[in-house]
Amino acid sequence: MKRTLTVLAVVVTAVAAGATWYVHSKQPVRDGQAQIAHLQAAVSVRYDERGVPHIKAQNEADMYRALGYVHAQDRLFQMEMLRRLARGELAEVLGAKLLDTDRLFRTLRIREHADEYVTKLDKQSPSWLALEAYLDGINQYQASHAKPVEFDLLGIEPRPFTAEDTVSVAGYMAYSFAAALRTEPVLTYVRDELGANYLKVFDLDWHPQGVVGQASLAASDWKDLNAIARISQQALVEAGLPQFEGSNAWAIAGNRSQSGKPLLAGDPHIRFAVPAVWYEAQLSAPGFELYGHHQALNPFASLGHNLDFGWSLTMFQNDDLDLIAEKVNPANANQVWFNGQWVELTTSEQEIRVKGEAAVKLTLRQSPHGPIINDALGVSGGNTPIAMWWAFLETENPLLDGFYQLNRADSLAKMRSAAAKIQAPGLNLVWANAKGDIGWWAAAQLPKRPAGVNPNFILDGSTTEADKNGFYPFSDNPQEENPARGYIVSANFQPVSPTAMGIPGYYNLPDRGQRLNQQLADNSVKWNLDNSQALQLDTATGYGPRLVAPLLPVLREVVTAPEERALLEQLATWQGDHPLGSTSATLFNQLLFQLADSAMHDELGDAFFDNLLSTRVLDVALPRLTADADSPWWDNRNTPAQESRADTVKAAWQTSLAHLKQTQGNDPAGWDWGKAHTLTLGHPLGQQKPLDKLFNVGPFAAPGGHETPNNLSARVGPAPWQVVYGPSTRRLIDFADPAHSLGINPVGQSGVRFDQHYADQAETYMQGGYLPQHFEESEVAANTKGTLKLMPAQ
């Protein structure tokens with residue numbers, strides 16, 4: 001027995017030692033020395049208390065090469081997954097469940113576009129040389145270090161990262177901005193199958209003609225479109241990777257700030273994930289200094305500042321993707337009608353590798369209007385090919401040059417020039433400098449569509465509806481420079497062009513922007529970092545009270561039980577605030593879903609209704625619906641009776657209370673928002689039990705809500721709610737003292753499990769805290785926890 005116990009102890013010790021060695025071999029090295037080929041001189045990388053690298057190089061190429069090296073050290077798995085998502089290669093490592101996602105991204109033609117785009121780049125331009133050095137740094141790290149643990153779990157064999165991967169990830173970003181694939185099918189269905197009286201709730205122009213001339217789409221076509229919309233929505237969710245959703249940003253002129261200098265605030269709203277989307281780094285080389293927030297595989301900061309200037313961004317949300325129903329030749333299924341004649345569809349064959357299974361063949365077709373998105377289903381279903389015109393595929397889009405210049409734009413003129421080079425996806429760039437200027441540019445190349453064409457619907461490819469007559473000049477884009485009111489706010493609401501032209505898009509409701517504008521417009525307030533924090537953390541919105549107000553007289557008639565009347569009157573006085581302890585926020589959000597479900601589910605069916613819940617047009621529709629007692633949506637088609645608004649609202653109220661009692665407890669006093677509304681930050685592998693316990697972070701009680709400034713949003717649905725997206729960082733910079741800016745990461749700087757910076761900022765983030773972004777040499781030195789010296793290889 002003694003000998004057995006001794007052997008067992010040795011085995012346990014050996015296993016523990018092996019596990020410790022294994023975990024240790026995967027960890028980032030933030031202190032010591034490493035040799036890198038192609039460096040011209042030594043590079044110093046000092047890591048602060050949050051694991052942020054402060055890189056000091058003697059030239060620009062070394063700076064970007066070092067950035068690639070340290071970025072890979074913390075985020076190599078994120079880089080791998082993003083390029084696989086964008087290029088349709090996830091099933092190769094995650095199995096057949098990601099086959100639909102791969103089909104979708106192959107159908108979007110991102111990989112072919114990226115490959116062709118790279119061949120046209122000027123290989124001597126500063127932006128190309130910077131990208132080349134950055135990718136070399138990534139690849140040198142990957143080739144010389146142990147694979148991330150996720151690579152081992154999934155059996156991923158490392159391969160070099162390329163410029164084509166970087167451009168493909170930019171295409172993924174552009175796709176995540178494009179709401180058309182998830183919105184236009186349901187709007188067209190409402191128009192063509194339900195009619196004008198149903199459509200008007202969405203506040204869109206009504207065009208009575210059918211989508212393809214006099215013919216309607218067949219039942220099989222609607223089934224296809226439903227499936228494509230579902231895949232489009234689920235692709236990013238199932239991949240567990242960030243998706244761009246919205247954002248806040250504002251700039252305040254010196255005459256409105258306490259310091260007398262401009263103040264810049266920004267919090268881009270992105271789907272939460274582990275690791276977080278942004279990788280922070282301070283870059284320094286002769287003639288260049290920037291504290292930036294970088295996306296995976298991009299050497300140029302998407303957000304950044306230095307002592308002279310800074311910027312943030314929000315989504316423009318212009319509609320840069322059109323769906324087009326093609327007319328097929330009855331005598332030849334491979335021909336469509338275009339410009340007065342039958343034209344052949346071009347085809348290409350691709351192969352998708354699937355882990356543990358045979359590769360899947362995919363045939364992709366293209367019409368003169370663009371790729372046929374039905375091919376995302378793998379087989380040609382339905383009768384009508386649906387083509388996709390997408391600005392990302394159709395514009396010159398010098399993104400690399402644009403962001404390279406944006407990182408150096410220290411004047412209004414330079415910023416304007418950089419913004420003009422960002423053509424897709426559409427972005428609002430909000431900028432300020434220490435000299436006193438503030439500015440905003442809606443960056444996108446806007447297409448000229450034929451007069452009267454409404455791109456909210458699927459267009460008729462056999463007519464001129466889908467034609468594009470070039471693009472508008474950048475000067476026609478919405479923009480402002482040093483406005484007299486002394487501030488600029490951007491919050492995804494519909495902007496106004498200097499020429500007053502209409503700009504189709506899937507914009508957010510104005511409520512969040514109005515909430516911000518209301519407070520920024522108060523001339524009695526002098527803005528500083530403290531009250532700016534309070535504004536970023538504001539959890540109120542006018543949307544809830546606006547939606548409920550028309551229903552209060554109805555509810556007061558149909559709600560009679562004393563306990564229920566007390567809840568109703570509490571909701572009637574609710575100001576739209578979503579703090580952790582609010583019970584009215586819980587009741588409202590349950591009622592919001594139940595109203596949508598009771599009114600719209602019967603007309604749309606399961607698939608289209610589920611798609612509608614994920615669109616911004618639902619936000620527009622519901623307040624208009626509650627205010628319209630005569631809307632046909634109120635009638636339930638599944639009953640013989642003719643239901644009124646009062647009938648449906650009463651049923652929604654009763655069902656809401658029953659559901660909350662079942663899920664949150666019988667006592668309404670315990671329906672706290674923070675119990676029902678939580679955030680778990682998910683890792684791509686965390687969707688598989690028991691790996692969720694190892695890789696995911698949370699859950700946390702989450703304040704805020706849909707379209708509040710602190711936009712911690714959950715999908716419209718029944719309680720409890722899992723927060724999907726929100727501020728991906730919160731940044732505040734006062735240009736009277738830009739060296740002492742503030743920021744926060746929702747999780748941590750590192751994507752390496754068991755690293756101390758994997759989730760070290762999560763608690764602070766959820767509590768509304770901010771941390772210093774060190775910039776000055778003395779403060780970087782004082783907060784350095786380790787120095788990695790990168791030396792030229794001998």
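The table below lists the values:
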item: Residue within the stretch 532-546 that is free of Cβ contacts under 8 Å to residues at least 40 places away in the same chain and closer than 21 Å to residue 731 by Cα present; result: yes
item: Residue list for the stretch 330-340, restricted to those being of a type in the set (S, T, N, Q) and touching a strand residue (DSSP E or B) at 6+ places or on another chain (Cβ under 9 Å); result: 332, 334, 335
item: Test: residue 453 is part of a loop (DSSP other than H, G, I, E, B) and more than 27 Å from the chain's Cα centre (by Cα); result: yes
item: Failed condition for residue 252, given (1) modelled with pLDDT of 80 or more; (2) surrounded by fewer than 24 Cβ atoms within 10 Å (Cβ to Cβ); result: (2)
item: Helices (runs of 4 or more DSSP H) (entirely within the stretch 114-208) containing at least 1 residues that are touching a residue at least 24 places away in the same chain (Cβ under 8 Å) and closer than 18 Å to residue 86 by Cβ; result: 126-144, 149-154, 163-177, 180-189
item: Test set (1) under 14 Å from residue 366 (Cα atoms); (2) over 35 Å from the mean Cα position of the chain (by Cα) - residue 326 fails condition number; result: (2)
item: Any hit, the stretch 435-442, residues being free of Cβ contacts under 8 Å to residues at least 40 places away in the same chain, out of contact with any strand residue (DSSP E or B) (no Cβ under 6 Å at 6 or more places or on another chain) and small (Gly, Ala, Ser); result: no
item: Among (1) closer than 28 Å to residue 725 by Cα; (2) assigned to a helix (DSSP H, G or I); (3) touching a Ser or Thr at 6+ places or on another chain (Cβ under 7 Å) - the single one residue 551 does not satisfy; result: (1)
item: Odd one out for residue 715, checked against (1) under 23 Å from residue 549 (Cα atoms); (2) touching a helix residue (DSSP H, G or I) at 6+ places or on another chain (Cβ under 7 Å); result: (2)
item: Some residue of the stretch 263-271 being surrounded by fewer than 24 Cβ atoms within 10 Å (Cβ to Cβ), closer than 19 Å to residue 736 by Cα, in contact with a strand residue (DSSP E or B) (Cβ under 7 Å, 6 or more places away or on another chain) and of a type outside the set (S, T, N, Q); result: no
item: Helices (runs of 4 or more DSSP H) (entirely within the stretch 475-548) containing at least 3 residues that are in contact with a Leu (Cβ under 9 Å, 6 or more places away or on another chain) and closer than 29 Å to residue 201 by Cα; result: 543-548
item: Filtered residue count, the stretch 387-403, keeping only those that are in contact (Cβ under 8 Å) with a residue 60 or more places away in the chain, out of contact with any Pro (no Cβ under 6 Å at 6 or more places or on another chain) and outside any loop (DSSP other than H, G, I, E, B); result: 11
item: Residue match in the stretch 600-620 (condition: more than 27 Å from residue 319 (Cβ to Cβ), buried (at least 21 other Cβ atoms within 10 Å of the Cβ) and under 34 Å from the mean Cα position of the chain (by Cα)); result: no
item: Qualifying residue in the stretch 310-317 (condition: under 30 Å from residue 186 (Cβ atoms), in contact (Cβ under 8 Å) with a residue 12 or more places away in the chain, in a strand (DSSP E or B) and not aliphatic (A, V, I, L, M)); result: yes
item: Residue satisfying all of: in the stretch 560-574; at pLDDT 95 or above and not in a helix (DSSP H, G or I); surrounded by the fewest Cβ atoms within 10 Å (Cβ to Cβ) among these; result: 573
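Every residue, every condition in (1) touching a strand residue (DSSP E or B) at 6+ places or on another chain (Cβ under 8 Å); (2) surrounded by 22 or more Cβ atoms within 10 Å (Cβ to Cβ), yes or no:
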residue: 297; (1), (2): no, yes
residue: 307; (1), (2): yes, no
residue: 321; (1), (2): yes, yes
residue: 342; (1), (2): yes, no
residue: 354; (1), (2): yes, no
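The values are calculated or read from the model by the stated rules, or taken from the named source; none is laboratory data. These numbers were taken from a predicted model, which means no experiment stands behind them. Virtual Cβ from ideal backbone geometry, glycine too; neighbours counted across all protein chains shown.
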